[in-house]
1. Is there a residue in segment 77-86 that is under 16 Å from the mean Cα position of the chain (by Cα), outside any loop (DSSP other than H, G, I, E, B) and polar (S, T, N, Q)?
2. Of the residues G19, G9, G42, only one is open to solvent by less than 70 Å² (accessible area, probe 1.4 Å) and out of contact with any Leu (no Cβ under 6 Å at 6 or more places or on another chain); which?
3. Looking only at segment 25-39, which residues are among the small types (G, A, S) and part of a strand (DSSP E or B)?
4. Can you give me the number of residues within segment 87-104 that are open to solvent by 60 Å² or more (accessible area, probe 1.4 Å), part of a strand (DSSP E or B) and not small (G, A, S)?
Amino acid sequence: LPVIGYLDGVDDATGRVWGWACDPDAPQTSVSVHFYADGPAGKGRMVAATNANKWSEAAVRARCGGGNNHRFEFFASAAVIQKIGKGSHSIYAHGIDTAGGPNPTLSGSPKYIYLP
């Protein structure tokens, strides 16, 4: 089964990007999430990666088939701003399959962020 998840939101004021992701084939394993600006993987520019390893609520755990830690977040740092520039950008999140399968764009992608 492919990775599932959702890019819940972005916050222009803090640069915070958050959501959840999991691999239903390995619900106890935290998946990596890669973020791209101004297009999905293959078109956009990779700007960050993190792990979906933060505590998740019951509804997310149920969707993932178990496990406790499926939430992620990252903050658009000065390095990210330097990479893509100030202004408005689309952010795409991709869940990375634990077995090397496809790395789908998470539902809710893209979200838009303004980097001052």
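The values are calculated or read from the model by the stated rules, or taken from the named source; none is laboratory data. These figures come from a predicted structure and were not determined experimentally. Here Cβ is always computed from backbone atoms with ideal geometry, including for glycine, and neighbour counts include all displayed protein chains. Calculation scope for accessible area: heavy atoms of the full protein, side chains included, ligands and nucleic acids excluded. Shrake-Rupley method; radii C 1.70, N 1.55, O 1.52, S 1.80 Å.
1. no
2. From the options G19, G9, G42, the qualifying one is G9.
3. Matches in segment 25-39: S32, A37.
4. Selection size over segment 87-104: 0.
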